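Q: Dropping a structure here in structure tokens format, bear with me for questions.
Where a number appears in this text, it was derived from the coordinates with a stated rule and is not lab data. If you're wondering where the values come from, they're calculated on a predicted model, not measured in any experiment. As a convention, Cβ positions derive from the backbone with ideal geometry for all residues, glycine included, and neighbour counts pool all protein chains shown.
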Amino acid sequence: MAISELQLPAAVKAHELADAKTLAATLARDVAERLRAAVAAKGQACVVLSGGRSPVPFLERLAAEALDWSKVTVSLADERWVPVEHADSNAGLLARHLLKGTAAKARFMGLYQQAENLERAAANADQALADLPAIDVLVLGMGDDGHTASLFPNSPNLDEGLAPNSSRRCLPMLAPSVPHQRLSMTRALLASAAFTVLSVQGQGKLATLRAALAGQDLTEMPIRAFLHDPLDIYWCP
């Protein structure tokens with residue numbers, strides 16, 4: 001099955017790429033183009049990225065893009081509550097694969113905060129995100145369970161995390177089958193992005209996307225909260 005066979009909402013645009021290498025290069029080019037336009041228009045740009053293994057080739061290609069990185073703020077849609085030195089840190093992932101060379105000049109605003117507990121760490125991150133510039137580009141991923149960022153089905157704070165008008169920017173979240181506690185930007189903040197991308201690969205993710213499009217319950221598959229707003233989906237087999 002190809003993504004062109006799905007019945008996508010009118011606001012969703014699909015980009016079908018040949019393979020993972022082409023997806024990474026195309027997405028990096030398109031994101032960089034948006035960031036350059038934002039810098040030209042207002043003197044700065046902001047991109048919010050997602051972690052995990054699959055974005056690594058994209059991050060490497062984005063790091064090589066010709067861009068005035070000193071005028072770019074980089075942040076994360078979500079983070080594991082671990083120090084940057086930890087192997088599972090998304091901030092560490094960006095440090096290794098994006099924030100190097102000329103891209104090291106970017107301003108990084110991470111979500112991880114040292115605190116006595118996850119709730120306090122999320123509150124501190126929420127406060128810090130008050131200084132985040134308007135998001136020009138948001139790049140989301142999607143899990144096989146339909147989660148995006150760290151908005152997981154059945155997480156205790158999911159209702160507030162998905163509330164479209166929440167005053168919170170960041171919430172403590174729990175992944176049902178993953179050991180680390182999480183910090184996640186809320187839907188209210190994520191949805192403020194001027195341009196939103198969902199990057200997915202493979203038939204399994206396509207099946208998840210089809211299931212998400214077939215239902216309405218946001219708490220069952222949180223990615224549904226983003227599927228009826230303007231969205232560009234980049235997919236390869």
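Q: To make sure I understand the rule: partners must be lysines, Cα under 19 Å from the Cα of LYS21, and not fewer than 8 residues away in the same chain. Which ones qualify?
A: LYS205
Q: Sticking with this structure for a sec: Against the globular-protein guess of 2.2 N^0.38 Å, express the Cα radius of gyration of the chain as a ratio, rounded to two decimals.
A: Normalised Rg, Cα atoms only: 0.95.
Q: Once the Cβ-Cβ distance between GLU85 and SER4 is put in as r, and R0 is 41 Å, what FRET efficiency do you end up with, to the nearest 0.05?
A: 0.45
Q: So what's the convex hull volume per residue for the Cα atoms of segment 39-79, in Å³?
A: 72
Q: For LYS42, list the lysines whose Cα falls under 21 Å from its own Cα; do not include residues on the same chain fewer than 8 positions away.
A: Partners within reach: LYS71, LYS105.
Q: I'd like the distance separating the alpha-carbon centroids of segment 59-85 and segment 168-237, in whole Å.
A: Here the answer is 19 Å between Cα centres.
Q: Please find, in a Gaussian network model of the chain (springs between Cα atoms separated by less than 10 Å), the residue of VAL47, VAL12, VAL72 whose mean-square fluctuation is greatest.
A: VAL12
Q: OK, next. Connecting C-alpha atoms closer than 10 Å in a GNM of the chain, tell me which of LEU98, LEU132, LEU158 has the biggest fluctuation.
A: Ranking LEU98, LEU132, LEU158 by mean-square fluctuation puts LEU132 first.
Q: Order by neighbour count: SER54, SER167, SER89, fewest other Cβ atoms within 10 Å first, most last.
A: So the residues, fewest neighbours to most, are SER167, SER54, SER89.
Q: If we count every other residue with Cβ under 13 angstrom of ARG80's Cβ, Lys/Arg +1 and Asp/Glu -1, where does the sum land? Write down the numbers at each step before the final one.
A: Numbers: positive: ARG182; negative: ASP78, GLU79, GLU85, ASP88.
So the surrounding residues net to -3.
Q: Looking at the P(r) of segment 147-237, how many percent of alpha-carbon pairs lie beyond 22 Å?
A: 26
Q: A further question follows. Residues of segment 55-92 with backbone nitrogen within less than 11 Å of a virtual label 7 Å along the Cα-to-Cβ line of ALA191, please, listed as ranges.
A: none
Q: Further question: At GLN203 and ALA18, where each label point lies 7 Å from the Cα along Cα→Cβ, what is the point-to-point distance in nanometres?
A: A separation of 2.1 nm, rounded to one decimal place.
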